[in-house]
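Comments concern the structure below.
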């Protein structure tokens, strides 16, 4: 006869198991919010349509940040866009992941000496996966998404936790680059 | 509709008969440029608007630091005659002020704001032209002036990513580039029958 006794799990253990279950479903149905700021966005249509068919990985586009899991930053970010990106990132519900596509998000790319374009995206928002290239081809972009799924599986996609843990550092960097993160323009006032 | 070269001629006649043109340049059969005095700009633009150049296509500035001047360029556009007209005028670089053309072309509102932001030219008559438009919270001299150094600004404001090593050859392999060049040389040598 099988024993019906079981050891009572601690709360942490139960949470961990639920997170593993959640991560399984999450990584197999990722909703992307595409913040197509730069030219690398041109790699997304072939990745999404029949040529590479992102849907077979369970990924799909989402229109609002509130319902999206992944924030794609495709290309360079000017200071004006960075301000809106931070707004968008903070609106997303957790857990949230960021994929930086193109060399502009890594080190500034060809805009490394521009007065308007930031150089490293991961100083302002935490980035989980970078896809290098100027621009990366579609296989590389798809590979980046597969990498992200692997990172979620192995619990290494912890950018959003890092954003809580080192929030002061991120805030200080944002302040140093932008002055004030709050948007002041005629549409917001 | 007449052909375009006579359009250019017609435009030249309209402007040169009534105003002093400092420099005229026919860029192509569809584009002509006039440099005029600062005080004549408004009446010339009014004249052009009544003669059919009803759309302000662009307004921007050029910085000439050696001559200590800004050059303002107004480009007007006609939907019936295929000629773009550029009206250019020079402003003093120390205190650049140009009266707004808002009553003539209301579409200049944002162009003037942009020019103010990137060059620091003031446009009295355009309410709110000093509000920020593209550069938000800008903290330096206007960035399209020639004496602004974008690289120094970028180095100061945005942290560069640091790479510890440029390149490490871990297993001591020969560079593929060198191997490729050697192969190419060999092919050329064989093709020429052993002669250099």
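Which one of B:7, B:99, B:95, B:17 is in contact (Cβ under 8 Å) with a residue 60 or more places away in the chain and not in a strand (DSSP E or B)?
Values: B:99 fails: in contact (Cβ under 8 Å) with a residue 60 or more places away in the chain; B:95 fails: in contact (Cβ under 8 Å) with a residue 60 or more places away in the chain; B:17 fails: in contact (Cβ under 8 Å) with a residue 60 or more places away in the chain.
None of the others qualify; the one that does is B:7.
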Failed condition for residue B:150, given (1) under 30 Å from residue A:77 (Cα atoms); (2) surrounded by 15 or more Cβ atoms within 10 Å (Cβ to Cβ); (3) in contact with a helix residue (DSSP H, G or I) (Cβ under 9 Å, 6 or more places away or on another chain), with all others met?
(3)
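Take the residues of segment A:65-84 that are within 14 Å of chain B (Cβ to nearest Cβ) and under 21 Å from residue A:45 (Cα atoms): which is surrounded by the most Cβ atoms within 10 Å (Cβ to Cβ)? So that I can check it myself, show each step before the final result.
Of all residues in segment A:65-84, those within 14 Å of chain B (Cβ to nearest Cβ) come to A:76-84.
From what's left, under 21 Å from residue A:45 (Cα atoms): A:76-77.
Details: A:76: 24, A:77: 27.
Restricting to residues being within 14 Å of chain B (Cβ to nearest Cβ) and under 21 Å from residue A:45 (Cα atoms), the top hit is A:77.
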Take the residues in segment B:73-88 that are part of a loop (DSSP other than H, G, I, E, B) and surrounded by 17 or more Cβ atoms within 10 Å (Cβ to Cβ), then tell me which one is farthest from the chain's Cα centre (by Cα).
B:81
Among the residues of segment B:103-143, write down those that are touching a strand residue (DSSP E or B) at 6+ places or on another chain (Cβ under 8 Å) and within 11 Å of another protein chain (Cβ to nearest Cβ).
B:118
What is the one condition in (1) more than 14 Å from chain B (Cβ to nearest Cβ); (2) modelled with pLDDT of 90 or more; (3) within 27 Å of residue A:19 (Cα to Cα) that residue A:139 does not satisfy?
(3)
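Out of everything in segment B:28-56 that is in a strand (DSSP E or B) and surrounded by fewer than 16 Cβ atoms within 10 Å (Cβ to Cβ), what residue ends up being modelled with the lowest pLDDT? Outline the logic, then answer.
So in segment B:28-56, the residues in a strand (DSSP E or B) come out as B:28, B:31-36, B:55-56.
Now narrow it down to the ones that are surrounded by fewer than 16 Cβ atoms within 10 Å (Cβ to Cβ): B:28, B:55.
Numbers: B:28: 86, B:55: 91.
Out of the qualifying residues, it is B:28.
Answer yes or no as to whether residue B:146 is part of a helix (DSSP H, G or I), away from every other protein chain (no Cβ under 12 Å) and at pLDDT 85 or above. Break it down stepwise before answering.
Working: part of a helix (DSSP H, G or I): no; away from every other protein chain (no Cβ under 12 Å): yes; at pLDDT 85 or above: yes.
Judged against the criteria, residue B:146 is not a match.
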Name the single residue, out of those in segment A:99-129 being outside any loop (DSSP other than H, G, I, E, B) and surrounded by fewer than 20 Cβ atoms within 10 Å (Cβ to Cβ), that is farthest from the other protein chains (Cβ to nearest Cβ).
A:110
Restricting attention to segment A:80-89, does a residue exist that is assigned to a loop (DSSP other than H, G, I, E, B) and under 25 Å from residue A:138 (Cα atoms)?
no
Output the residues belonging to segment A:47-74 that are under 24 Å from residue A:184 (Cα atoms) and assigned to a loop (DSSP other than H, G, I, E, B).
A:64
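The values are calculated or read from the model by the stated rules, or taken from the named source; none is laboratory data. None of the values given here were measured: they were computed from a predicted structure. Cβ coordinates were reconstructed from backbone atoms using ideal geometry, including for glycine residues, and neighbour counts include every protein chain displayed.
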